[in-house]
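A short worksheet on the structure shown next.
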Amino acid sequence: MRPDPRCPLRPGEFCTLCQPGASGPENCPAVYLVMRDPELVDELARLRRESA
């Protein structure tokens, strides 16, 4: 049994395949765009710290 992937953009939530053509976080266009932007990566880290 394969585990359900977690969405890296929504801490604690499973990947819901919300982007057309994505089969998981590994090829999600939204995840790609966020992870390439240093300011968004910093904001995501802040949100993760707050949710922990």
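The values are calculated or read from the model by the stated rules, or taken from the named source; none is laboratory data. Being a predicted model, the structure only gives us computed values, none of them experimental. With ideal geometry, Cβ positions are generated from the backbone for all residues, glycine too; neighbour counts draw on all protein chains shown.
Things to note:
- Among residues of region 10-31 that are closer than 19 Å to residue 43 by Cβ, those with a Cβ under 7 angstrom from a residue that is modelled with pLDDT under 90 and in a helix (DSSP H, G or I), sequence gap 6+ or separate chain, pair up as 11/47; 11/48; 11/51; 12/51.
- When region 1-12 is filtered for residues that are in a loop (DSSP other than H, G, I, E, B) and surrounded by 12 or more Cβ atoms within 10 Å (Cβ to Cβ), the ones remaining, listed by number, are 5, 7, 8, 9, 10, 11.
- Out of 30, 45, 52, sole residue that is on the phi < 0 side of the Ramachandran plot and modelled with pLDDT under 90: 52
- Residue pairs whose Cβ atoms lie under 7 Å apart, separated by 6 or more positions or on different chains, with the first residue in region 34-52 and closer than 16 Å to residue 7 by Cα and the second modelled with pLDDT under 95 and not in a helix (DSSP H, G or I), are 34/9; 44/9; 47/11; 48/11; 51/11; 51/12.
- Filtering region 25-52 to residues that are in a loop (DSSP other than H, G, I, E, B) and surrounded by 13 or more Cβ atoms within 10 Å (Cβ to Cβ) leaves only 28.
- Within region 13-24, considering residues that are under 10 Å from the mean Cα position of the chain (by Cα) and in a loop (DSSP other than H, G, I, E, B), the one surrounded by the most Cβ atoms within 10 Å (Cβ to Cβ): 15
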